[in-house]
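Right, one structure below, let's go through it.
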Amino acid sequence: MGGVGYVSIGTADQFGVADALGAIDDTLAGNVGGAVYGVAVVVVKPLKAVDKVADLAKDAKKAEMKAEAMLSKEEKAVKNATGKGNNITVKTQQEAERILEKARPNIPWSETYGPKTKVGKEVHPVDGSGNALGFDAELPHIKWRDWSGGKASDVEGHIYFESVNGSF
């Protein structure tokens, strides 16, 4: 008996994944009676879901870079700070709080002059700690710290403000 031979050539996209796998099964199994034989060639492309994940990762990185570009110079100074002595001065207490919340949102409020925690921020009045950056006088300030990363990545600073409510 003469057999019938065939070759299936295509991509997984052309066959559909189930059809491509079916074509391979049909071709390799042949006919039990030996009447049909053949070879299936299927070119498998990367799954579209994998491409989507890569695209999402790229989009997330772009969004992060865009958000970083939108930070003010004061917010960048606090966010990228390292070590001690990271001090800035702004107009109001509200602005100081906003900067900290945006640049380091995971720092919780602590009690002023309370027990020292590894991570915290607290409002200090004029307290004899020294003059504010760029001023010949002391100013109230928010003292902040994040010592959670170990000695090599400890960071702390002050955000001095000229007024509590925007008026002097």
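If the Cβ limit is 6 Å and pairs must be 6+ apart or interchain, which residue in region 93-104 that is charged (D, E, K, R) pairs with which residue that is crowded, with 17+ Cβ neighbours inside 10 Å?
Correct list of pairs: Lys102/Glu75.
Could you say whether any residue in region 93-106 is in contact with an Asp or Glu (Cβ under 6 Å, 6 or more places away or on another chain), surrounded by 12 or more Cβ atoms within 10 Å (Cβ to Cβ) and not charged (D, E, K, R)?
Step one: of region 93-106, the residues in contact with an Asp or Glu (Cβ under 6 Å, 6 or more places away or on another chain) are 99, 102-103.
Filter once more, so that each one left must be surrounded by 12 or more Cβ atoms within 10 Å (Cβ to Cβ): 99, 102-103.
Restricting the remaining residues to those that are not charged (D, E, K, R) gives 99, 103.
Checked region 93-106: at least one residue is in contact with an Asp or Glu (Cβ under 6 Å, 6 or more places away or on another chain), surrounded by 12 or more Cβ atoms within 10 Å (Cβ to Cβ) and not charged (D, E, K, R).
Got a sec? Which of Met65, Met70 is closer than 29 Å to Ser163 by Cβ, open to solvent by 40 Å² or more (accessible area, probe 1.4 Å) and at pLDDT below 75? Can you show your working first?
On the way: Met65 fails: closer than 29 Å to Ser163 by Cβ.
Step by step, each of Met65, Met70 is checked, and only Met70 is closer than 29 Å to Ser163 by Cβ, open to solvent by 40 Å² or more (accessible area, probe 1.4 Å) and at pLDDT below 75.
The values are calculated or read from the model by the stated rules, or taken from the named source; none is laboratory data. Predicted, not measured: the structure shown is a model, and the values here were computed from it. Positions of Cβ are backbone-derived with ideal geometry, glycine not excepted, and every protein chain shown enters the neighbour counts. Surface areas here come from the heavy atoms of the whole protein model, side chains and all, with no ligands, DNA or RNA. Shrake-Rupley method; radii C 1.70, N 1.55, O 1.52, S 1.80 Å.
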